[in-house]
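Step one of this worksheet: look at the structure below.
The values are calculated or read from the model by the stated rules, or taken from the named source; none is laboratory data. What you see is a predicted model, and the numbers here were worked out from it, not measured in a lab. For neighbour counting, all protein chains shown are included, and Cβ atoms are generated from backbone atoms with ideal geometry for every residue, glycine included.
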Amino acid sequence: MLPRVVITGMGVVSPNGIGNDAFARAVLAGKSGVKRISRFDPCCLPVHIAGEIPDFNELAWVDARERKHVSRVVPLAMAASAEALEDAALDHASMSLEEQREIGIVLGSGGGAQEFSEEQYRLWHSGHVKQVSLFCIPSGTMGTISSEVSMRFGFRGYSHVVTAGCTSSSDAIGFAYQHIQAGVQPMFLAGGVDAPITPGIIKGYSLLRALTQSWNDHPERASRPFSADRDGFVLAEGSWMFLLENYEHARARGARIHAEIAGYAATCEAFHRVRMSDNPEEPARAITLALEEAQVAPEDIQYVNLHGTSTEMNDRVETQALKLALGEKQARKIPMSALKSQIGHAQGACGSAGLAATLIAMQSGQLPPTINLDQPDPHCDLDYVPDVGRKTQIEHAICNCVGFGSKNSALVLRRLPEGR
């Protein structure tokens, strides 16, 4: 029998709340974190809004002299990681060398340092060559993000970045889960981070017609998963990190356990680099495989956290996939909600954001709502917990994720009755 894997720590930097407590209050209240972009003037762009975190203090995590040499994802990941470690009652500063070697880091990120690289190119092509960072090459690569976090906390185990589009952080958590099961390391700091709010990225997504351009004057209303009048997603940033731990290791040190990761699976439709297939078979298969690994039946699920991007095809196909994986009758009984309605689409970090919202729901016995669901799409006809949260005790939950490149992934969570 494979070792069990549990979550003993969580940390959050989100558009609708910095820190676990603020995020939990916002999520359960259905508070939107979408607002007009403030870090640059978006007036010349077709999209003026995003799930931005204007109050996040980067310099609390990166020295002012070093900030120009790293991407925004670095302080975001550091802040969420520090809270996850504190929540797990781990003092990294007092660890021995052997203890430092027992903790690995695996970050999921869709764009990674893309924001940093865009700024370096802007400086170069605008004639400010002397302002280009000496570390423009290493800091512009994906792999160094986890290295920055490893160096911050002194952890000497695995230090990897998983980049798989929108499923990046779900797959990073799955990577950590499988490696703990395999006995490679007893603990992993795992989750997701992305900071894609830049002029160039907004222009690129606008070319794809992926972003909504209809709600610049009402940002909090812009992200509208499963609503008939949805017309694109809202770009967002943030970081959500977790300490994953071997169950026996956690028990031995007296750790508080948030939940158990009971199953994980990933599939690929092998269909298109951007557009998902209108056949729900592969996203449904990811859910089915995760349930089978967890030895959990559809009838045992009390909640599903949805990918719910607010794009026409994604929401419709995800609805069909849930019906296929769970059975249509059972799927209609299970409440489901989309966190992106509140924060926008945090790209490769969205799976970890959904996991954080699910843990909050499991601990509080209250479901987060899907806000802005004003005109239900007749093709999206499940219980999305519209507008107002709902009390429900959750024993098992699914966190679903789909993304660019035909990727699909699913996690199954189990609440431990003893809480330890």
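For the stretch 1-46, filtering for residues that are assigned to a loop (DSSP other than H, G, I, E, B) and among the acidic types (Asp, Glu) leaves 1. When residue 111 is tested against (1) under 19 Å from residue 245 (Cβ atoms); (2) assigned to a loop (DSSP other than H, G, I, E, B), only condition (1) is not met.
Of the residues making up the stretch 25-36, just one is buried (at least 22 other Cβ atoms within 10 Å of the Cβ) and in contact with a Leu (Cβ under 9 Å, 6 or more places away or on another chain), namely 27. Taken over the stretch 129-172, the criterion of being part of a loop (DSSP other than H, G, I, E, B), closer than 23 Å to residue 264 by Cβ and β-branched (Val, Ile, Thr) is satisfied by 163, 167. The helices (runs of 4 or more DSSP H) found entirely in the stretch 287-374 that carry 1 or more residues being crowded, with 24+ Cβ neighbours inside 10 Å and outside the structural domain of residue 237 (by TED's automatic domain parsing) are 312-326, 340-343, 350-364. On inspection, residue 71 qualifies as assigned to a loop (DSSP other than H, G, I, E, B), closer than 27 Å to residue 134 by Cβ and in the same structural domain as residue 116 (by TED's automatic domain parsing). List every residue pair whose Cβ atoms sit under 9 Å apart, with the two residues 6 or more apart in sequence or on different chains, where the first one lies in the stretch 1-14 and is of a type outside the set (Phe, Trp, Tyr) and the second, anywhere, is at pLDDT below 95. That search, which allows pairs on different chains as well, returns 6/416. Of the residues that make up the stretch 208-223, is at least one aliphatic (A, V, I, L, M), in contact with a helix residue (DSSP H, G or I) (Cβ under 7 Å, 6 or more places away or on another chain) and surrounded by 18 or more Cβ atoms within 10 Å (Cβ to Cβ)? There is at least one residue in the stretch 208-223 that is aliphatic (A, V, I, L, M), in contact with a helix residue (DSSP H, G or I) (Cβ under 7 Å, 6 or more places away or on another chain) and surrounded by 18 or more Cβ atoms within 10 Å (Cβ to Cβ).
Pairs only if they're at least six apart or on different chains, beta carbon under 7 angstrom, first in the stretch 121-141 and free of Cβ contacts under 8 Å to residues at least 24 places away in the same chain and in the same structural domain as residue 151 (by TED's automatic domain parsing), second surrounded by 10 or more Cβ atoms within 10 Å (Cβ to Cβ) and assigned to a loop (DSSP other than H, G, I, E, B); list them, first residue then second. Partner pairs satisfying both residue conditions: 123/132; 124/132. Looking only at residues in the stretch 213-262 that are among the acidic types (Asp, Glu) and touching a strand residue (DSSP E or B) at 6+ places or on another chain (Cβ under 8 Å), the one that is nearest to residue 350 (Cα to Cα) is 237.
Scanning the stretch 84-99 for residues that are more than 20 Å from residue 74 (Cβ to Cβ) and either in contact (Cβ under 8 Å) with a residue 12 or more places away in the chain or not acidic (Asp, Glu) (or both) turns up 87, 88, 89, 90, 94, 95, 96, 97.
Report, by residue number, each residue of the stretch 182-223 that is under 21 Å from the mean Cα position of the chain (by Cα), small (Gly, Ala, Ser) and part of a loop (DSSP other than H, G, I, E, B). Listed by number, the residues that qualify are 195, 210, 222, 223.
Every listed requirement among (1) in contact with a Ser or Thr (Cβ under 9 Å, 6 or more places away or on another chain); (2) at pLDDT below 95 is met by residue 256 save one, (2). Could you tell me whether residue 285 is within 19 Å of residue 347 (Cβ to Cβ), out of contact with any Cys (no Cβ under 8 Å at 6 or more places or on another chain) and basic (Lys, Arg)? Criteria not met by residue 285. Consider residue 330 carefully, then state whether it is in contact (Cβ under 8 Å) with a residue 12 or more places away in the chain and either over 21 Å from the mean Cα position of the chain (by Cα) or under 18 Å from residue 229 (Cβ atoms) (or both). Yes: the conditions hold for residue 330. When we screen 353, 294 for residues that are within 16 Å of the chain's Cα centre (by Cα) and of a type outside the set (Val, Ile, Thr), the only hit is 353.
Can you tell which of 282, 260 is under 23 Å from residue 353 (Cβ atoms), assigned to a strand (DSSP E or B), in contact (Cβ under 8 Å) with a residue 12 or more places away in the chain and not assigned by TED's automatic domain parsing to the domain that holds residue 46?
260
Yes/no matrix, rows are residues, columns are (1) modelled with pLDDT of 95 or more; (2) in contact with a Gly (Cβ under 9 Å, 6 or more places away or on another chain):
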| residue | (1), (2) |
| --- | --- |
| 7 | yes, no |
| 21 | yes, no |
| 30 | yes, yes |
| 36 | yes, no |
| 48 | yes, no |
| 62 | yes, no |
| 65 | no, no |
| 78 | yes, no |
| 84 | yes, yes |
